[in-house]
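Inspection log for the structure reproduced underneath, given as structure tokens.
Taken together, the values in this text are just the output of simple stated rules run on the coordinates, not laboratory data. Being a predicted model, the structure only gives us computed values, none of them experimental. Don't worry about glycine lacking a Cβ; one is built from the backbone with ideal geometry, like all the others, and counts go over all protein chains shown.
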Amino acid sequence: MKNENTPEPVSLPEEMLQRWEERGVGRREFMKFCSTMAATLALPVSFIPKIAEALEADNRPPVIWLEFQSCSGDSEALLRANAPTAAELILDHLSIEYAEVIMAAAGHQAEQAKNEAIEKYKGKYIAVVEGSIPMKDGGVYCTIGGESALNIARKVCGNAAVTIAVGSCATFGNIPAAAPNPTGAVGVRKAVPGATVLNLPGCPLNAENLTAAIVHFITFGKLPAVDGLNRPLFAYGKRIHDNCERRSHFDAGQYAEKFGDPGHRKGYCLYKLGCKGPETFHNCPTVRYNEGVSWPVMAGHGCIGCSEPQFWDAMTPFYRRLPKVPGFGIEATVDKIGIGLAAATAVAFGAHGVISALRKGDESDKVKKEE
Ligand code: SF4
């Protein structure tokens, strides 16, 4: 018998699927892409046709992609994905007007293309910014075509419909802004206070989240809902710890004590090895990286909190556990920290209580408990 809560199966018009096939995107591929986007954006399946229609329509905005103090890791994250990918699907059908990493033009030609795009698409284009912006000494520490990154960001982001800051450098300054921050590096929101900015931190950016943010903008004509740091809630609304596949081991008091020890090999929780998952908001455990293949904690390395502000200063030392959990010193026992985190999480986010984290640990567990 059909359950009344069971969603109706979603189908897309045959002509639409045929048109995508002619463009080299298989129907299953396209269906899967639209479903993944709806799921990533936490939308019901009934929104799949709306997303498909928006992608089909020829009203996608132009993009100007700026790159400042960065390692190009975010461009790499987007471009190195296997074909055909969500990122490709979107990039193939967006109008990329300027992107230093991939454009054929160079030097004055490239700068001219950028300036022409700003004029032509004023107020209509998406500005994507990768890398931090140095403010010290008039912005002399990063110049392109003789113009400071600060001036370029103000001009490009100031005239954009929206700006998406990709990666932790463009959002919070990241490694260039680490103490003593010799160049006065900041993220886009600080450099261009009047711009409408969506922050997508991560080192590097997760390409799925950028794609989903762009799909949201194309589909609804606006950016998704954000948290207090302007990060979209669909991607940063939950802690890493909330969805981690090692969470049952945390709750059971089963921890790896050293890299390569029996607990580590059994997939136990990496908290004692410095995992910052309990303090970090990101959808890594559900979206993962490299086409959903894996992510650091799945591969055996603790989360380093790269999507939190100033993580290079705030989350180090990476291999010591939770050095800055309020109310707990680094010598606090795991059990005590577990109690504190469970309480804070329950109060602030309504997450399920971590009753089992209050246990002293399973006596049959051979992994040595910390003193
Ligand atoms: S502490 Fe880290 S490894 Fe352990 S459950 Fe939380 S996020 Fe996962």
*Specify whether the C-alpha gyration tensor of region 168-239 places it in the rounded, prolate or oblate class, a ≥ b ≥ c being the square roots of the eigenvalues: rounded for a/c under 1.5, otherwise prolate if a/b is larger than b/c and oblate if not.*
prolate
*Which distance in Å, rounded to a whole number, links the C-alpha centroids of region 152-184 and region 98-147?*
13
_Mean separation of Cα contacts under 8 Å (6+ apart) over length of region 189-294, as relative contact order %_ = 23
*May I ask you to derive the FRET efficiency for ASN243 and LYS32 from their Cβ-Cβ distance with R0 = 25 Å, giving the value to the nearest 0.05?*
0.70
*Kindly write out, for region 15-23 in residue order, the coupling ³J(HN,Hα) from the Karplus curve 6.51 cos²θ - 1.76 cosθ + 1.60 (θ = phi - 60°), rounded to whole Hz, with x marking Gly and Pro.*
4, 4, 5, 5, 4, 5, 4, 5, 8
*Tell me, what HN-Hα J-couplings in whole Hz come from the Karplus equation 6.51 cos²θ - 1.76 cosθ + 1.60 at θ = phi - 60° for each residue of region 104-112, using x for Gly and Pro?*
6, 5, 9, x, 5, 4, 5, 4, 5
*Highest mean first, what order results for 31-38, 221-228 on Cβ atoms within 10 Å?*
31-38, 221-228
_Per 0.36 nm of contour for each residue apart, how much would the distance between VAL293 and HIS108 grow if the chain were fully extended, relative to their Cα-Cα spacing?_
62.5 nm
*Amide H to amide H, which residues 5 or more places from GLN69 or on other chains are under 5 Å from it, using H placed in the peptide plane?*
SER132
*In sequence order, what are the phi-derived ³J(HN,Hα) couplings for region 177-186 according to the Karplus relation 6.51 cos²θ - 1.76 cosθ + 1.60 with θ = phi - 60°, rounded to whole Hz, with x for glycine and proline?*
8, 5, 4, x, 6, x, 9, x, 5, 9
_Extension gain (nm, one decimal) between LYS155 and VAL10, 0.36 nm per residue minus Cα-Cα_ = 47.9 nm
_Net length gained if the chain between PHE259 and ARG320 were fully extended (0.36 nm per residue, minus Cα distance)_ = 20.7 nm
*List every residue whose amide H lies under 5 Å from the amide H of TYR289, counting only residues 5 or more places away in sequence or on a different chain, with H placed 1.01 Å from N in the peptide plane.*
SER294, TRP295
*asked:* As an exercise, use a Förster radius of 51 Å and the Cβ-Cβ distance of VAL101 and LYS266 to find the FRET efficiency, rounded to the nearest 0.05.
replied: 0.80
*Given H placed on each backbone N at 1.01 Å, which residues far from GLY305 in sequence or on other chains put an amide H within less than 5 Å of it?*
LYS276
*Which pairs in the list LYS190/LYS222; LYS124/LYS238; LYS238/LYS276 are over 24 Å apart, alpha-carbon to alpha-carbon?*
LYS124/LYS238
*Treat every Asp and Glu Cβ in region 93-156 as -1 and every Lys and Arg Cβ as +1, leave all other atoms uncharged, and give the resulting dipole magnitude about the Cα centre to the nearest 20 debye.*
240
